[in-house]
Amino acid sequence: NETVHRICSGQVITDLASAVKELVENSLDSGATTIEVRFKNYGLDSIEVLDNGSGISIEDQDSIGKKHYTSKIEAFRDLDTLQTFGFRGEALSSLCSVSNVTITTATSSEAPKGFQLKLDHEGTVISKSTVASQKGTMVSINDLFSTLPVRRKVFERNCRRDFSKSISLLQAYAVISTEKKFIIFHQTKGSGKVVQLSTNMNSDMKMNIMNIFGTKISTNLIRWKDGFIDGYISRPHVGSVRLSSDKQMLFINGRPIHLPKLVKTIQETFKIYSLSQAPFFAINLTLTEGTVDVNVSPDKRSVFLSEESYIIDFVRESLQRLCEGTAH
Ligand code: ADP
Ligand code: MG
C-alpha cells in the first residue's frame with residue numbers, strides 16, 4: 001500500500017546524495033556523453049539532471065515511474081553479466097513517492113520534438129505535453145522529501161552537509177567517467193549560478209582530476225598501475241596538505257564504492273612512507289565479474305568481495321613497492 005511504499009522509498013532514497021546518484025546513474029546507463037546537474041538552493045528547491053542519452057521511448061513513458069519497472073533487464077540470469085548501474089527499477093518510483101518529479105525526454109526518432117511528463121506520488125503520469133527537446137532526458141526533482149515531513153526537516157537542517165556529500169559523489173563519477181562531460185551548477189538565493197565542477201569529453205582520469213581538484217593536487221600525483229589496480233595517488237615522501245577523506249576515491253569496475261577497510265589499508269601503508277600524511281587517491285580495481293557482489297545495499301555502493309583478504313594484501317604490497325620505488 002501507499003504508506004508502506006513511501007517508507008520503503010525512504011530507504012532507497014535516503015538523502016540528497018542518493019537521489020543524485022540514482023539520477024546520474026540513469027543518465028550514464030542511457031549512454032549519455034554529457035551530463036549536467038543543477039541544484040537550486042542546496043537541492044532543497046530542486047535538482048535537475050540533464051543528459052544527451054537515448055531518451056525514453058514512447059512505449060516506456062507510462063511505466064517508468066512504476067515500482068520495479070526497468071527497461072534494463074530481460075531475465076534474472078542477466079544479473080551476472082549486467083553492465084548497467086540500474087536494474088531494480090526502484091529509483092524513479094521511489095523518487096516519485098518522496099518528491100515531485102517532472103521528466104522531459106526525446107529519443108533520436110522524435111527530437112526536436114519531445115515529451116514533458118508530470119508524475120504523481122504513485123508514479124502515474126498525470127500530464128503529458130509535447131515540447132521542444134533535444135535527444136536526451138531531463139529529470140527534475142522538486143521538494144525532495146516533502147511527503148516525509150520528518151525527513152524533510154532533517155534535510156533542511158543538514159542541507160549544506162548533504163549538498164557537499166552530493167558534490168563529493170559527483171566528483172567521483174566525474175573522475176572515473178572518461179570521455180564524458182560533467183557540468184555541475186548550483187544556484188542559491190543570493191548568488192547566481194556557481195559552477196562547482198566541469199570535466200571535458202576526451203579526457204583521461206588524470207585530466208579529470210586536474211579539472212575537478214586543480215593543478216596543485218594533480219601535479220603531485222603518481223600513476224599507480226599494478227595488476228588489477230589502476231589510478232593515481234599522491235607522491236609519497238613529500239609533505240602534502242592533509243586531505244579530507246572524500247578526496248579518497250575507490251572504484252570497482254568503474255563504480256564508486258565504499259570499502260572503508262581498503263581505504264584504511266592504503267592510508268596506513270602510505271603514512272609509513274610519508275610522515276603520517278594522508279594521500280589523495282583515485283584508483284579503480286578491475287575485478288572479475290563473479291567475485292564482486294554490488295547488491296549488498298540498495299544504493300549499490302557497499303560491496304561484498306569474495307576474495308577480500310587477497311585483494312587487500314595485494315593492494316598493500318603493491319603500494320609498498322610503489323613507495324619504495326619512488327624513495328629518494
Ligand atoms: P533502473 O535504472 O533500475 O532500470 P530506474 O527507476 O532508475 O530503474 O529507472 C526506470 C527506467 O526509466 C529505466 O529502466 C529507464 O528505462 C528509464 N530512465 C530513467 N532515467 C533515464 C534517462 N536519464 N535516460 C533514459 N531512460 C531513463
Ligand atoms: Mg536507475
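Scanning the stretch 88-106 for residues that are at pLDDT 95 or above, within 13 Å of ligand 1 (Cβ to nearest atom) and surrounded by fewer than 19 Cβ atoms within 10 Å (Cβ to Cβ) returns a single hit, 102. None of 90, 110, 156 is among the acidic types (Asp, Glu), within 16 Å of ligand 2 (Cβ to nearest atom) and not assigned by TED's automatic domain parsing to the domain that holds residue 247 except 90. For residue 191, the test of being touching a Phe, Trp or Tyr at 6+ places or on another chain (Cβ under 8 Å) and without any contact (Cβ under 8 Å) to a residue 60 or more places away in the chain is failed. Name the residue that is nearest to ligand 1 (Cβ to nearest atom), counting only residues in the stretch 122-141 that are within 12 Å of residue 103 (Cβ to Cβ) and not aliphatic (A, V, I, L, M). Per the criteria, the residue is 137. Is it true that residue 240 is assigned by TED's automatic domain parsing to the domain that holds residue 302, touching a Pro at 6+ places or on another chain (Cβ under 8 Å), small (Gly, Ala, Ser) and at pLDDT 85 or above? Answer is no for this residue.
Here is a yes/no grid of residues against (1) surrounded by 14 or more Cβ atoms within 10 Å (Cβ to Cβ); (2) under 16 Å from residue 47 (Cα atoms):
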{"site": "123", "(1), (2)": "yes, no"}
{"site": "145", "(1), (2)": "yes, yes"}
{"site": "172", "(1), (2)": "yes, no"}
{"site": "190", "(1), (2)": "no, no"}
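The values are calculated or read from the model by the stated rules, or taken from the named source; none is laboratory data. On a predicted model such as this, the values are computed, not experimentally measured, just so you know. Cβ sites come from the backbone with ideal geometry, for glycine too, and all protein chains shown count toward neighbours.
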